[in-house]
Amino acid sequence: MNLTRWSARLPGTQRRAAAKPRSATTAGPGGGSVPSARAGLPGDPDPSAADPSSTGTGTASPSASPATPSSAQPALRPLEALSVRELLGQVPALIAVTYGPDHRTGHVNDAYTEVFGPRATGAPAREALPELAELGLLPLMDQVLRSGRPRTVKARKVTWHRQDGEGEPRDGYFTFTCTPLADTATCGVLVFGADVTDQVRSAMSLRDSERLQREAAVTLQRSLLPQELEQPDDLRVAATYQPGGTETAVGGDWYDVITLGAGRTALVIGDVMGRGLRAAAVMGQLRTAVRAYARLDLPPHEVIQLLDGLAAEIDATQIATCVYAVHDAGEGVLTYASAGHLPIVVRGADGTVRRAEGPTGPPLGTGSFPHASGTLPLEPGATAVLYTDGLVERRTEDIDEGVASLERALAGATGTPQVICDRLLRALGVTSDHDDDVAVLVLEHPKRTGAQAELFRDASLDLLGGVEAAPRARAFATGVLASWRFPVELRDLGVLAVSELVANSLQHGTPPMRLRLRRTDRRLIVEVTDGDDRLPRRRRAEPGDEAGRGISIIATIASTWGSRRTPGGGKTVWCEFVLPRK
């Protein structure tokens with residue numbers, strides 16, 4: 001079917017008219033080559049070729065001569081019948097056309113005028129189109145002329161006022177593309193500005209939403225960690241947590257410091273594999289359980305054993321690693337147990353660095369594997385570091401190399417524990433965009449100097465004999481507390497506590513028995529050790545009972561008390577008194 005033939009018979013159609021030859025260009029002001037005044041752009045067709053009323057040779061189709069009814073669609077003009085100016089004028093994007101090396105203005109469309117106002121043609125763009133210079137487009141247009149290739153700048157912010165001067169200024173974002181124009185007579189650049197305000201604002205809103213979600217996730221993670229670390233008497237402790245990546249998912253790293261009393265401190269660090277609220281929920285439950293188990297003052301391997309069973313009950317699909325350690329300041333020893341976690345790294349008082357070589361069991365939740373405890377000396381002047389795998393694990397190297405890097409970094413890191421935390425993060429390249437969560441716990445057993453170093457802080461007495469052991473213990477305590485120059489009231493309470501604890505041990509315990517008095521900067525500690533592993537408990541004594549009030553008296557006069565089983569068998573019962581502030 002000949003569609004051209006039938007198109008002449010349809011209303012609103014017309015035959016194509018032959019285009020007239022292209023008009024010659026004329027020189028604009030300053031010698032630049034600017035299109036003729038007829039169309040303002042090179043290559044425009046002659047309007048008379050499509051207009052029957054013109055004096056040209058074009059004629060209209062007979063079927064198109066009658067007036068089109070108001071209800072009918074308007075006449076369709078062929079594309080060849082539209083001038084370039086008409087086409088550019090109907091484009092909603094910002095369009096400006098310049099010519100020559102000084103970018104003389106040839107044309108701006110209505111959309112451009114609506115934003116930047118009317119612009120005169122013929123003048124250089126630096127004068128006639130100052131907004132192009134403000135947007136940094138003039139150097140880009142020079143590159144386009146030299147290379148003959150288009151260039152684009154994305155999402156440039158533009159502020160404009162209404163042409164009548166009323167109302168508030170408007171802000172928008174435009175992506176500008178500079179395209180070269182070339183023909184036999186002129187060379188120029190077409191500047192095309194597409195309005196991308198909605199896209200930019202949507203992207204900004206999305207980024208803000210992601211930022212808020214990440215802040216909420218990090219806040220959740222930090223809320224599950226201790227808000228303030230406990231500071232034991234004989235340790236200086238600091239910790240840091242660095243969330244990994246830019247995602248909103250939280251991790252499962254955690255740490256804690258728990259004061260057990262009698263100069264003992266529990267330190268724990270762990271890592272739940274994976275990310276998200278599920279990992280954070282498991283982490284929160286494990287951390288709470290650790291604090292509960294720590295109050296029982298169990299050996300580290302027993303705490304890990306309890307956590308292993310609990311982790312399997314919480315979520316059998318989640319695997320977690322953990323190190324639980326107990327530091328005894330009086331003994332200068334760090335006792336620990338590990339469930340698949342990385343080894344503790346210690347720098348001794350002499351500067352040598354070593355890692356824990358003790359037994360390491362499987363991760364938590366993997367089965368009822370019997371865990372074991374190991375020991376590390378942590379004498380005054382020593383520093384220990386507990387950490388998660390995000391600090392030392394890298395995709396490009398073996399994890400043992402990362403631990404070796406940590407050892408080298410710790411050897412040269414000095415200062416307070418918090419300073420050491422920061423230096424370790426910097427030395428191992430942990431930044432804000434690190435792809436894994438990092439938790440670091442640093443503890444230092446400070447070395448005393450001067451008069452503090454000369455003051456003895458520990459006194460002990462073996463309880464031998466029968467009924468005479470209690471008077472000897474009271475006399476020993478009186479002399480030691482007097483030498484420490486404690487107030488009379490504190491000395492009397494200390495002697496009373498010694499009397500009750502020794503009497504309880506003599507009645508319910510078995511040899512060997514030992515009394516130990518210790519002092520820290522803030523506390524007086526009284527301990528009695530015997531060979532019986534049955535732990536005492538506080539009970540309510542009836543008015544007629546002749547015994548059973550010793551532990552109740554201790555709980556009343558002391559700031560805190562407790563008991564624990566000793567590794568070699570037997571038990572230790574202790575109590576503490578807070579020293580008055582000077």
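The values are calculated or read from the model by the stated rules, or taken from the named source; none is laboratory data. Just so it is clear, the model here is predicted, and its values are computed rather than measured. Virtual Cβ from ideal backbone geometry, glycine too; neighbours counted across all protein chains shown. Keep in mind that these areas ignore ligands, DNA and RNA; they rest on the heavy atoms of the full protein, side chains included. Shrake-Rupley method; radii C 1.70, N 1.55, O 1.52, S 1.80 Å.
Subtracting the Cα-Cα distance of Asp533 and Ser205 from 0.36 nm times their residue separation leaves 111.6 nm of extension gain. Under the combined filter of DSSP loop state and at most 12 neighbouring Cβ atoms within 10 Å, region 467-521 retains these GluC sites (Glu not before Pro): Glu468.
Of the accessible area of region 322-439, computed with a 1.4 Å probe over protein heavy atoms only, carbon and sulfur atoms account for 51 percent. Between amide H atoms placed 1.01 Å from N, distances below 5 Å from Leu260 occur with Thr265, Ala266, all of them 5 or more places distant or on a separate chain.
Here the accessible area of region 85-135 is 54 percent carbon and sulfur, with a 1.4 angstrom probe and all protein chains present.
At a probe radius of 1.4 angstrom, the accessible area of region 259-334 per residue rounds to 35 square angstrom.
The alpha-carbon positions of region 345-482 define a convex hull whose volume is 199 Å³ per residue.
Here r is the Cβ-Cβ distance between Val578 and Arg426 and R0 is 25 Å; the resulting FRET efficiency, rounded to 0.05, is 0.05. A viscosity of 1.002 mPa s and a temperature of 20 °C, combined with the Kirkwood radius over C-alpha pairs in the Stokes-Einstein formula, give region 233-335 a diffusion coefficient of 148 µm²/s.
At 1.4 Å probe size, with the rest of the protein present, what percent of the exposed accessible area of region 449-514 is carbon and sulfur atoms? The computed percentage sits at 58. Given their separation in residues at 0.36 nm each and the Cα-Cα distance between them, Phe456 and Ala404 gain 14.9 nm when the chain is fully extended.
Indicate the gyration tensor shape class of region 192-290 (rounded, prolate or oblate), computed on the Cα atoms with a ≥ b ≥ c the square roots of the eigenvalues: a/c under 1.5 is rounded; otherwise a/b larger than b/c is prolate and the rest oblate. Prolate, since a/c reaches 1.5 and a/b exceeds b/c.
Which of the peptides 267-278, 113-124, 393-404 is most tightly packed, and how do the rest follow, judged by the mean count of other Cβ atoms within 10 Å per residue?
Packing order, densest peptide first, comes out as 267-278, 113-124, 393-404.
With K and R counted +1 and D and E -1, the other residues having a Cβ less than 10 Å from that of Val189 yield a net charge of 0. Using +1 at the C-beta of Lys and Arg and -1 at the C-beta of Asp and Glu, which of His301, Ala325, Met273 has the Cα lying farthest in the positive direction of the dipole of region 270-332? Looking along the dipole axis, the top candidate is Met273. Once the 1.4 Å probe is applied to the protein heavy atoms, region 468-574 comes out at 53 Å² accessible per residue.
Considering every alpha-carbon pair of region 481-582, the percent of pairs per 10 Å bin, from zero through the bin containing the longest distance, is 15, 47, 30, 8, 0. For the peptides 145-158, 327-340, residues were scored by their other Cβ atoms within 10 Å and the scores averaged per peptide; the highest-first order is 327-340, 145-158. So what is the orientation-averaged projected area of region 325-369, using the convex hull of its C-alpha atoms, in nm²? It is 3.8 nm².
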